[in-house]
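Colleague: Let me give you the structure first, and then I'll get to my questions.
The values are calculated or read from the model by the stated rules, or taken from the named source; none is laboratory data. Since this is a predicted model, take the numbers as computed values, not measurements. We place every Cβ from the backbone using ideal geometry, glycine too, and count neighbours over all the protein chains shown.
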Amino acid sequence: MHLVSNDLANTSFILEGKQNAPVLVIANSMAATPEMWDAQIKSWAQDFQLLRYSYRGHGKTPALGEDLSVADLANDLFSLLDQLNIHQFHYVGLSLGAMLGLYVAAKYPQRIKSLVAANFKSFQTEATCEIWEQRISLVREKGVDAIADGTVDRWLTASFRQSHPEVDDQIRAMVRSTSTEGYIACCKAVRDYDARLFMAQIECPVLLISGLEDVAAPAAEFAEIQAAIKNSVYLPLNAAHLSNVECPDQFSSAVLGFIKKNS
């Protein structure tokens, strides 16, 4: 497997997989690193060149203050893609990564071939905005450690955590590795996000994935999202927020089949 790991345009990334193959950009949840996709990489790398990277203040990418929008995240991504000479790509993202993917598909239609968007909210209500404000205040005062356990308790079902304690531990350590600045910045990007403004503009094929036990991005909201995106299909999985971690084989095969169909 071809592997390049580097810091380019101040963005830490891993480029691996099949050389000269179509590119698949893989975008994380906030408070996560590229390792959240480890269960998918072997499967996807046989047919695609894979680009995993870290947002500002996540992994080895330096933070750039506490203010951030999804448009800023898109600019960061395209700065990296352009320096790697990647023009067109397929895209899979989960949570914040999915929110970014919808924005990219709407605003840069000439660059994206297909999109997989998993476990995300298309907009925040007044109540959920208040939750994000509370998390920002807590992390600013006490650090990311203060929200790590509660976050992972939402991200994975209790039954999965009990039956996979080593994965549970790895995810908690991953969340704790996030910088305070990076976490707060991404909280603001999520808080201010509203895909209702642009979902109807998305032209590329879209696979929507939800977790039936996801309290952070309820499956009940996906019917409205699917109705708003003209060329979309929907797959629910028996998982909480990290559906790719709880249902690795189903997630991997569904994404692979969808992208191959639309390559």
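Colleague: Being surrounded by 13 or more Cβ atoms within 10 Å (Cβ to Cβ), part of a helix (DSSP H, G or I) and at pLDDT 95 or above narrows it down to one residue among K121, K188, K113; which is it?
Modeller: K188
Colleague: In this structure, does A217 turn out to be in contact (Cβ under 8 Å) with a residue 40 or more places away in the chain and either within 19 Å of E126 (Cα to Cα) or touching a Pro at 6+ places or on another chain (Cβ under 8 Å) (or both)?
Modeller: yes
Colleague: Sticking with this one: Determine if region 151-174 includes at least one residue that is at pLDDT 95 or above, surrounded by 16 or more Cβ atoms within 10 Å (Cβ to Cβ), under 20 Å from L68 (Cβ atoms) and among the polar types (S, T, N, Q).
Modeller: yes
Colleague: Of S232, S243, which residue is under 25 Å from S54 (Cβ atoms) and of a type in the set (G, A, S)?
Modeller: S243
Colleague: Looking only at region 27-76, how many residues end up being among the polar types (S, T, N, Q) and within 14 Å of the chain's Cα centre (by Cα)?
Modeller: The number of residues fulfilling the criteria is 5.
Colleague: Kindly establish whether R196 is in contact with a helix residue (DSSP H, G or I) (Cβ under 6 Å, 6 or more places away or on another chain), surrounded by fewer than 19 Cβ atoms within 10 Å (Cβ to Cβ) and modelled with pLDDT of 95 or more.
Modeller: Here the answer is no, as R196 does not meet what is asked.
Colleague: Name the residues in region 82-102 that are assigned to a helix (DSSP H, G or I) and either buried (at least 22 other Cβ atoms within 10 Å of the Cβ) or on the phi > 0 side of the Ramachandran plot (or both), would you?
Modeller: Selection gives L96, G97, A98, M99, L100, G101, L102.
Colleague: Any residue at all in region 69-77 that's in a helix (DSSP H, G or I), free of Cβ contacts under 8 Å to residues at least 24 places away in the same chain, farther than 21 Å from A117 by Cβ and of a type outside the set (G, A, S)?
Modeller: For region 69-77, residues in a helix (DSSP H, G or I), free of Cβ contacts under 8 Å to residues at least 24 places away in the same chain, farther than 21 Å from A117 by Cβ and of a type outside the set (G, A, S): absent.
Colleague: Taking L50 as the residue in question, decide whether it is buried (at least 16 other Cβ atoms within 10 Å of the Cβ), among the aliphatic types (A, V, I, L, M) and over 26 Å from E181 (Cα atoms).
Modeller: Considered against the rule, which asks whether it is buried (at least 16 other Cβ atoms within 10 Å of the Cβ), among the aliphatic types (A, V, I, L, M) and over 26 Å from E181 (Cα atoms), L50 comes out as yes.
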